[in-house]
1. Return the percentage of antiparallel bridges among DSSP beta bridges fully within the chain, rounded to the nearest 5 %.
2. In whole Hz, what ³J(HN,Hα) sequence does the range 8-21 give by Karplus (6.51, -1.76, 1.60; θ = phi - 60°), x for Gly and Pro?
3. Here are several values of semi-axes √(5λ) of the Cα gyration tensor in Å: (1) 56, 20, 14; (2) 31, 24, 15; (3) 25, 22, 17. Which one was derived from the coordinates shown?
4. Report, by chain and number, residues whose modeled amide H sits under 5 Å from the one on Leu4, excluding near sequence neighbours (fewer than 5 apart, same chain).
5. Residue by residue, what Karplus-based ³J(HN,Hα) values in Hz, rounded to whole numbers, does the range 188-203 have, using 6.51, -1.76 and 1.60 with θ = phi - 60° and x for Gly and Pro?
6. Give me the accessible area per residue for the chain, probe 1.4 Å, as a whole number in Å².
7. Using C-alpha positions alone, give me the convex hull volume of the range 40-79 per residue in cubic angstrom.
8. Going down the table (Lys11/Lys142; Lys11/Lys105; Lys84/Lys125), which pairs top 31 Å between alpha carbons?
Amino acid sequence: MAILQVESIQKQFGKIPVLRDISFDLERGQALAIIGSSGSGKTTLLRCLNFLETPDRGRIIVNGETLFDAADPATQRESEVRKKRLHFGLVFQSFNLFPQYTALKNVTLARELLERERPGFKARKKEILGALEEEGRALLAKMGLADREGHYPHQLSGGQQQRVAIARALALKPDILCFDEPTSALDPELTGEVLKVIRELAEQKTTMIIVTHEMAFARDVADEAIFMDQGVIVERGPARQLMDSPREERTRQFLSRHAEDLR
């Protein structure tokens, strides 16, 4: 059974349609790359999955549970949005770290806030915070940042900041980890260190959706790829097959413009 089912999602801003009848599913342990030109709807789709935008139509189902149904107001209660958002970890284009906190605190903060809302937190505060810090340190070590836990964002390179952001998303133990152009804010020399982390996550069978303009990376790392254009899914298939032998003319035209990136 698919971990994620997206059914007939539609979204428009004013009179401008941005997503038109988007449907796909995702298996556990699969890495799905989404490619397409700017304005094709890729980021809006991720924002809908993370409930940062509300679709006008359609359903979002995770692990068999309907998290959102545009026809059912009960699935759209504001009080439930934060809980539903926990199913998805989102790594933004910009790093969005809190400048006043260390790398470790940035990683553990969201989990700490959740724990503070649970009964019995005060009685076990020291134990819980200690466990969160231990988990945070392990995640930073996984990102190659064990020696940077006490550094503030301004003391880190862009690549290091993005790796902290990935650790922060993983700390919430989401069902699906989403990346929105994770290297677009990085200098070319820093891009490789972030892509290396994502590659390792794919090898560990982390379930991921990766919106990216890194064509060769998408071809070589993702299990499946989707090409979007003007708010629709034009083509989906195994990543290497879609990149090397696209069936649709629109896909071929897009990839021909990025042929240099695929070498």
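The values are calculated or read from the model by the stated rules, or taken from the named source; none is laboratory data. This one's a predicted model, so the numbers in the text were calculated from it and none came from an experiment. For the accessible areas, the whole protein counts, side chains as well, though only heavy atoms, and no ligand, DNA or RNA atoms are used. Shrake-Rupley method; radii C 1.70, N 1.55, O 1.52, S 1.80 Å.
1. 60
2. Calculated HN-Hα couplings, in order: 6, 6, 10, 8, 9, 10, x, 9, 9, x, 10, 10, 10, 6 Hz.
3. Identified label for the calculated read-out: (2).
4. So Leu4 has HN proximity to Leu26, Asn63.
5. Result, ordered by residue: x, 6, 9, 4, x, 5, 6, 4, 4, 5, 5, 4, 5, 5, 5, 5 Hz.
6. On a per-residue basis, the chain sits at 49 Å².
7. About 80 Å³ per residue, rounded to a whole number.
8. Pairs exceeding the cut-off: Lys11/Lys142; Lys11/Lys105.
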